[in-house]
Amino acid sequence: MHLEKWSQWNPRAATLLRDLGLKYPGMPSFAPDEPGQIFLMDLNEQNPRAQALNISDGFDKASFNPHGISTFIDEDHTVYLYVVNHPHMKSTVEKFKFEEQQRSLVHLKTIKHELLKSLNDIVVLGPEQFYATRDHYFTNFFLVLLEIIMDLHWTYVVFYSPTEVKVVAEGFSSANGITVSLDKKYIYAADVAAQNIHVLKKHENWDLTQVKVIHLGILVDNLTEDPDTGDIWAGCHPNGMKLLIYNPEDPPGSEVLRIQNVLSEKPKISTEYANNGSVLQGSSVASVYHGKLLIGTVFHKALYCLL
């Protein structure tokens with residue numbers, strides 16, 4: 001599951017949740033016949049609840065298989081949602097406009113490109129500009145297994161705009177979650193297999209240069225940033241084999257890490273949530289807003305906590 005904060009959306013703060021039904025090769029699915037959905041939670045409510053958003057006609061909702069998501073708020077306060085989609089196990093990026101009164105998403109366009117394959121996550125920094133991660137070089141499932149075994153480090157971060165598409169950071173074992181610092185000067189990208197986070201400096205031409213690598217010693221999935229402090233929150237997997245070889249009697253656990261003082265010589269890394277799978281299985285992301293925490297999973301449920 002993936003969560004995305006709308007920390008700049010006034011007058012209410014909201015969180016977008018991708019549905020728990022992601023169909024991903026090699027992963028179990030608790031709802032294999034159900035299409036994906038996008039949910040909305042208003043975190044200013046005393047007892048917030050997830051509400052499914054309607055999607056406009058003309059979009060193939062039956063094959064909707066959402067993965068990473070990101071929002072962009074225009075100068076006129078229009079909210080746009082970009083979604084990594086895997087229809088029929090392909091990769092596209094879908095652009096929607098959020099209609100607040102109708103609680104709906106209007107589909108605007110589908111983005112495809114040769115470099116936008118095996119996409120995982122996305123962070124949007126302009127009306128038509130975003131960074132996205134490619135988590136596997138190959139698209140064939142058996143070649144992906146070979147890629148993992150050989151640890152090829154062929155995945156990357158790609159920049160997209162209507163006029164230019166280019167690889168801006170490479171050498172990842174499996175590029176995964178991606179987010180941006182509060183001042184928009186740095187990009188943070190997770191390498192799940194290498195168990196680390198790359199801190200990358202953003203340049204005016206959209207190129208990225210590596211500043212540092214933070215090793216976490218755990219399979220780090222998606223990243224979000226605390227809108228108040230700039231801390232990174234990471235959904236992590238304590239045991240990757242339990243995630244791939246699912247056993248309901250011994251399910252994969254969950255762990256959430258918080259990384260403070262990211263740019264300092266010694267960032268502070270703390271465990272904010274841990275569970276053996278009895279409550280939450282396969283945590284993939286954690287998002288905070290004013291003392292409230294949402295933890296999402298790959299194929300299980302979501303957990304709402306007060307910090």
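The values are calculated or read from the model by the stated rules, or taken from the named source; none is laboratory data. Bear in mind the structure is a predicted one, so any value in this text is a computation, not a measurement. Virtual Cβ from ideal backbone geometry, glycine too; neighbours counted across all protein chains shown. The area values use the complete protein model at the heavy-atom level, side chains included, leaving out ligands, DNA and RNA. Shrake-Rupley method; radii C 1.70, N 1.55, O 1.52, S 1.80 Å.
What are the residues in region 248-278 that are outside any strand (DSSP E or B) and either in contact (Cβ under 8 Å) with a residue 60 or more places away in the chain or surrounded by 14 or more Cβ atoms within 10 Å (Cβ to Cβ) (or both), if any?
The first filter runs over region 248-278 and keeps only residues outside any strand (DSSP E or B), leaving 248-253, 261-267, 276-278.
The answer is Pro251, Pro252, Gly253, Val262, Leu263, Pro267, Asn276, Gly277.
With the requirement that a residue be in a strand (DSSP E or B) and aliphatic (A, V, I, L, M), what does region 187-197 give you? Quick ask: steps written out before the conclusion?
Looking only at region 187-197, we keep the residues that are in a strand (DSSP E or B), and these are 187-191, 196-197.
Those that are in a strand (DSSP E or B) and aliphatic (A, V, I, L, M): Ile187, Ala189, Ala190, Ile197.
At least 3 residues that are open to solvent by 50 Å² or more (accessible area, probe 1.4 Å) and touching a residue at least 12 places away in the same chain (Cβ under 8 Å) in each: list the strands (runs of 3 or more DSSP E) lying fully within region 35-122 that qualify.
Values: elements: 38-42, 66-73, 79-85, 92-99, 104-111.
It comes to 104-111.
Working only within region 130-172, note down all residues that are open to solvent by 70 Å² or more (accessible area, probe 1.4 Å) and of a type in the set (S, T, N, Q).
Selection gives Thr139, Asn140, Thr163.
Ile214: open to solvent by less than 30 Å² (accessible area, probe 1.4 Å) and over 16 Å from the mean Cα position of the chain (by Cα), yes or no? Spell out how you get there, then give the answer.
Details: open to solvent by less than 30 Å² (accessible area, probe 1.4 Å): yes; over 16 Å from the mean Cα position of the chain (by Cα): yes.
Judged against the criteria, Ile214 is a match.
Run down Lys184, Lys201 and say which single residue is at pLDDT 95 or above and either within 29 Å of Lys242 (Cα to Cα) or in a strand (DSSP E or B) (or both). If you could, list the steps in order and put the result at the bottom.
Working: Lys184 fails: either within 29 Å of Lys242 (Cα to Cα) or in a strand (DSSP E or B) (or both).
Being at pLDDT 95 or above and either within 29 Å of Lys242 (Cα to Cα) or in a strand (DSSP E or B) (or both) holds for just one of Lys184, Lys201, which is Lys201.
Every residue in region 228-247 that is surrounded by fewer than 15 Cβ atoms within 10 Å (Cβ to Cβ), β-branched (Val, Ile, Thr) and touching a strand residue (DSSP E or B) at 6+ places or on another chain (Cβ under 9 Å), please.
Thr229 - this is the single residue of region 228-247 that is surrounded by fewer than 15 Cβ atoms within 10 Å (Cβ to Cβ), β-branched (Val, Ile, Thr) and touching a strand residue (DSSP E or B) at 6+ places or on another chain (Cβ under 9 Å).
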